[in-house]
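Report on one structure; see the data block that follows.
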Amino acid sequence: MNSTLLTRAAFMKAVQPLLISVRMRWFWSGIVIGALLALGFFIRQPAERGLSYVEGFYTPNVQYGAWYLASHHTLFATTGELPVLSNYTSGLTYGAVDYTYTFLTGSALILSGVTDVEQIGQLYLLSPWQGLLLIPLAALALYGQYARLHGQRITPARVAILYAFAALSNYPMVMWASSGGTLVPLGWALFYGIYLAILARHMEPRYTWQWATLLIMAILLLQATYHTVALALTVFLLCVWLIQVKIARKYVAWGIIRIDIMVFVTFLMYHAVTLFNDYGRFFIRFLSDIYRGNDQERLRYSLTGGNLSIWWYIVNYAAIIIPVVWVTLIVVKQRFRSEKGVVVHVYQVTWLLALFPLILLLFAWDGFYGAYARTLQYGTLLAISSAALLLATRAKAVAPLALVALICTAISAFSMHSLDISSSNYLTNDERTALDWASREKGCDAVLFTDYRIGSAYGYQGCFGVVGPTASSLSARHQIDVLPALFYDGDRRTLSDAIDTLLTTDRRRPELILMSRRLLDPQIGVVLPDTRLKPMTEAQWLAYRTLPGWTLAYENDTTMVLARASA
Amino acid sequence: MFTRFGRLIQVALVTLAVLLAPLVPPPFSFWLALAAMLLGPGLGIPRLLFPAGLLTLPETLLIAGIASLFLETAILAILNTIGVLLSPIVLSVAILAPTYLLALAAALRERFYTYADDRDMVQAEQPAWLPFCCGVALAAVLTGGVIHLLGI
């Protein structure tokens, strides 16, 4: 070999064109994005081995909403096979209280002929499309807007960096990895859509009615997609409004703010009338949760069904008609702001400032965890937006942002890989088998007592006669003294008495008990009122096993089902 | 000519996805159905509303996605309200009908109405799609293979 070929200069002369031509730069950008896509997709799959694909719920508030159970029953009646119960944030996500996802995923499942519970859960893990595709797409769209606004070229390096920021290192993917849901990110993408529409409309007044049409579509979808986003945007935009008043400069068009606030307040009214107690928690029950035992009232509520009073018709139609009329009037009157040359970075500052009141509200809702989680949820969106802005406006930002993206990606990948899935709400195969046995052999009429995680999954069998109290629910009902007897004391007499105090909402007593040794796991345990986990004791397991008045009806390696002797 | 041909291909792909979804095994069946629902109904909206070259590809896809979600949710909610059950045939029609109609509307808009920007609009640098997609596919396969082999 000629030694001159080994010199650095000769090497660079030969290779550099291959590395830096426009086509090759896009190739390398594709390499980065493809690698991140595959990493994001595969990193979680193997960790699920050994557990079923079915997951219990994490909160009693939203999944058992009778209106969506009724709606699912109607929607999916054609196949007769899709379980009417769906998990709000994980596992079996084909919708819950938020309708866009119900229609989208439920319909896709019907169309593809996938109706088995295990298969649906498996598909969830094989389809992190919102975290890996939708959110990055929204971020790249925003980058495109910024680039056009500032007359900058869209470069492959910046696209790859932004994808790295918006793919693995985002809260949606973290939630997906920790068995939380990808239902939520869909709402966030729409949130981005709103942001984009505001920005775009602000900068390109030529296409007023076109952007207004898209804005109407996006804001009408928000409540139907993710009701908390509607709440978040209401608070955000009110704050943006206040900030603009304070600084006496208009960086966001008043017309659009007014539209959005009006729309979201309407949505909130629509939602809050039914869930008035939930919103009331903001003010009267800080840091606590309420499990309502008198949910029968909610059975009467239906978004699309009958039995509605005139009030509901007014509210339902007002939620659609008022925003449309409002937007139409503003568009007709051309009240959109058309000023150019706005200082774009103030968008970020304004929106970041507007985040704080929202976090305070979420602290009130869910304590420090709520503030933390929601800061991540909405903060990551704003952070990615800021990265897009910097990449479009600051030439020197590329290198440091590339480094930050690399660090974030590495941290996220490691976190996802090292997450212990056994500490999630997923049911073990033994627990699933025991539930299946109980529903098959004892029928759904027999009320089952178990812990909340397992009990909530009983609905997948079509059985809803289940008592699975959480500490917070017992606490709210002044029955917290029952908890030690149920899980810790190891005393058969008090255990038997405690079980007899548990009743379903129609006042039926448990006829079956399902206990899993997973309750002895410190990472599963029982959630105390202060959200700490406390595992059940071995003595308690033995107490259940030899409980007077109950017989062992079914047992596998880690799970047992007891039946009331008189049953 | 190429643009029209490309649009026909897009509509044909959505149709194919809807038709193939019940036939192929999961997860591909679910992915096909989801892709058809997410992109189909709103496919014509970006070209209907905006001149060619104004939007970047992510913007186009996002607008198509939001429009699809809106149309799909509205159509299915109306069907549900009037008592039509969501069978695979009903769902296929609910996806394909707006897809065809809006694609046709977009074609008609371009045929009979030209935005002022249609001629002079210069979009920011278009990606070199072929090498970009080759890179994505190559890296996805290699990374996936490595992760699989290492059993991570």
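The values are calculated or read from the model by the stated rules, or taken from the named source; none is laboratory data. Predicted, not measured: the structure shown is a model, and the values here were computed from it. Cβ placement follows ideal geometry from the backbone for every residue including glycine, while neighbour counts extend to all protein chains displayed.
Does segment A:111-161 hold any residues that are more than 7 Å from chain B (Cβ to nearest Cβ) and at positive phi, and which are they?
The answer is A:Gly151, and nothing else.
Please find, within segment B:1-38, the residue that is surrounded by the most Cβ atoms within 10 Å (Cβ to Cβ) out of those that are of a type in the set (A, V, I, L, M) and more than 11 Å from every other protein chain (Cβ to nearest Cβ).
Going through the qualifying residues, I end up with B:Val14.
Is there a residue in segment B:118-125 that is facing chain A (nearest Cβ under 9 Å) and touching a Phe, Trp or Tyr at 6+ places or on another chain (Cβ under 7 Å)?
No, every residue in segment B:118-125 fails to be facing chain A (nearest Cβ under 9 Å) and touching a Phe, Trp or Tyr at 6+ places or on another chain (Cβ under 7 Å).
Taking the condition of being under 20 Å from A:Glu431 (Cα atoms) and surrounded by fewer than 20 Cβ atoms within 10 Å (Cβ to Cβ), how many residues in segment A:548-559 meet it?
Number satisfying all stated conditions: 8.
Matching residues to (1) closer than 30 Å to A:Ala457 by Cα; (2) at pLDDT below 80:
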| position | (1), (2) |
| --- | --- |
| A:Asp366 | yes, yes |
| A:Gly370 | yes, yes |
| A:Arg374 | yes, yes |
| A:Tyr378 | yes, yes |
| A:Ala383 | no, yes |
| A:Val398 | no, no |
| A:Leu403 | no, no |
| A:Ile411 | no, yes |
| A:Asp420 | yes, yes |
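Checking B:Tyr113 against (1) more than 30 Å from A:Arg44 (Cα to Cα); (2) modelled with pLDDT of 90 or more, which single condition isn't satisfied?
Here B:Tyr113 meets the rest and fails (2).
Give the residue, chosen from B:Leu69, B:Leu55, that is assigned to a helix (DSSP H, G or I) and within 8 Å of chain A (Cβ to nearest Cβ).
Criteria check complete, one pass: B:Leu69.
Sort out which residues of segment A:141-174 are modelled with pLDDT under 85 and of a type in the set (S, T, N, Q), and write them in order of number.
A:Gln145, A:Gln152, A:Ser169, A:Asn170
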